[in-house]
Amino acid sequence: MLLELIQSLSGTLRFPNIHRTPFSDVRLTYSDGTQFEVSKAHQETLPLGEEFEKQIQRLIFCLRLPDGQEIKSTAGFDSEELASQRFRDWASRVLDLEPVGPDTWLTSAGYTISSLELVHKYSDRLPTRALRTGGGKVDPRILKFLSANEVHLIETQRLLTLEDTDPNEFRRSAARAPAVSKVEAFARDLTKRLADALAENSRTSQELDRTYPRRVLQAHTEYPSEEEIRERYSEQNELRKALSAISLLDENVGRIEIPKKMEPWQRNVLWTYLEDTEKKLSTFSEILAKVSLLQEIVNTRFLYKRLEIDRRRGLRLVSEEGTELGLSMLSSGEQHELVLLYDLLFNVQPGALVLIDEPEISLHVSWQKRFIEDLQRISRLVKFRSVVATHSPQIAGKWINRMVSLGPETTD
């Protein structure tokens, strides 16, 4: 609960989560002395009828900067306006929400939300009349500070299935979309990321190819040596092999025959070609590094199977005999490991604080012992900081001196 609240008060404020968490006051203190406080003010009743009365809490925000400056805001809404027929008509017309009860709305994706969830989900689009006269929006300076301190939470329920919804599909039916597992969702996500990397590579290649003739004709004051050319070409071939292994590139595409003896003009042409090739291949650098680390860690954990990368399916599971296996055939522990690693590698923003709740869930003891080392490798690549909440002495391992015990002190 504490980790969820910290995440809700960082980056983009998550109002529904803040309201659901039981607290009266909370204070976050940062390393530079800045303090961010949130208090829940008195509740106000949303008049939806005696049977469906809903209470909306007002939130009071205070940001205290190291220089002593205080920035305060109160987030509140006009409860009578939110319950009016005028607002319901507006929400139906502008937000494409269908009122299906005194406190229930049907979204275009086919699932229902409460009025409280509506208020906070669409707070930035609410009409002015729905905002309290005293100010219903958080001061932009507070939002700017929070956005610079992003927090990413990896929860205990990491394998919860997701609704397989198309954001462009508008349904008026109350039927729920079919569910897709988290592993399958991440496989689809990787497919999109690989496609985006290919698209970026294509744009870069087209621009370089367009200007290549002009650049190759430009006079060079110094020509690279044959040894430099061969060494650079060899390095690029190794990179092609790595990209071919994750189906982003045909290993043989771009290969050329290097003459045994080169004239100065040939060295000029080849060096310009190699410079362009390096820029083209560099568009894959980030995703290659992340995918390679994902495969390396996973394939040292899983037994009798290996994880492969496929640009059409994202994640692909293959047995020792070469038989393709469904992702659903992974055990609970294997799914937890894969989901946890993928989330850290691909969903965390550089500079973020990552909160990981009970990473030991379903993990083999030997995997728990290596978790912090894996986390360190990933954090060096993605560049984030992390806090781990655990009950497992195996997770702590040799880092036990960095542990902070929460709860009442004991003399045992």
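Where a number appears in this text, it was derived from the coordinates with a stated rule and is not lab data. Quantities reported herein were computed from a predicted structural model and do not represent experimental measurements. Note that we place each Cβ from the backbone using ideal geometry, even for glycine, and neighbour counts take in every protein chain shown.
Tell me, what ³J(HN,Hα) does each residue in region 381-393 have, in order and in whole Hz, if you take phi through Karplus 6.51 cos²θ - 1.76 cosθ + 1.60 with θ = phi - 60° and put x for Gly and Pro?
Taking θ as phi minus 60°, the curve returns 6, 7, 6, 9, 9, 8, 10, 10, 9, 8, 10, 9, x Hz for region 381-393.
I'd like the Karplus ³J(HN,Hα) series for region 339-344: coefficients 6.51, -1.76, 1.60, θ = phi - 60°, whole numbers in Hz, and an x wherever there's a Gly or Pro.
Per-residue couplings from phi come out as 5, 4, 5, 5, 4, 5 Hz.
Provide, in order from the shortest bin, the percent of all Cα-Cα pairs of region 238-378 in each 10 Å bin, continuing until the bin that contains the maximum pair distance.
All Cα pairs, binned at 10 Å, distribute as 9, 32, 28, 16, 10, 4, 0 percent.
Using θ = phi - 60° and the Karplus form 6.51 cos²θ - 1.76 cosθ + 1.60, what ³J(HN,Hα) does each residue of region 187-204 get, whole Hz, x for Gly and Pro?
4, 5, 4, 5, 4, 5, 5, 5, 5, 5, 5, 5, 5, 5, 4, 5, 5, 5
Which far-off residues, 5 or more places away or on another chain, put their amide H under 5 Å from the one on residue 354, with H placed in the peptide plane?
Hits under the 5 Å cutoff: 152, 385, 386, 387.
Among rounded, prolate and oblate, which fits region 299-368 when a ≥ b ≥ c are the square roots of the eigenvalues of its C-alpha gyration tensor, a/c under 1.5 means rounded, and a/b larger than b/c means prolate? Can you show the working numbers first?
Numbers: a/c = 2.65, a/b = 1.42, b/c = 1.87.
Because a/c hits 1.5 or more and a/b fails to exceed b/c, region 299-368 counts as oblate.
Between residue 24 and residue 324, what is the FRET efficiency for a Förster distance of 56 Å, r being their Cβ-Cβ separation, to the nearest 0.05?
According to the calculation, E is roughly 0.55.
In this model, which of 241/280; 305/369; 72/383 are farther than 23 Å apart at the alpha-carbon?
From 241/280; 305/369; 72/383, over 23 Å: 72/383.
On alpha carbon coordinates alone, what is the Rg over Rh value for region 264-337, Rh being the Kirkwood radius?
Details: Rg = 18.5 Å, Rh = 15.0 Å.
Across region 264-337, the Cα-based Rg/Rh ratio is 1.24.
In terms of the Cα gyration tensor, with a ≥ b ≥ c the square roots of its eigenvalues, is region 327-369 rounded because a/c is under 1.5, prolate because a/b exceeds b/c, or oblate? Write out the running numbers ahead of the final one.
Values: a/c = 2.91, a/b = 1.54, b/c = 1.89.
It comes out oblate by the Cα gyration axes.
Would you please classify the overall shape of region 303-342 from the alpha carbon gyration tensor, given that a ≥ b ≥ c denote the square roots of the eigenvalues, rounded means a/c under 1.5, and beyond that prolate means a/b larger than b/c while oblate covers the rest?
It comes out oblate by the Cα gyration axes.
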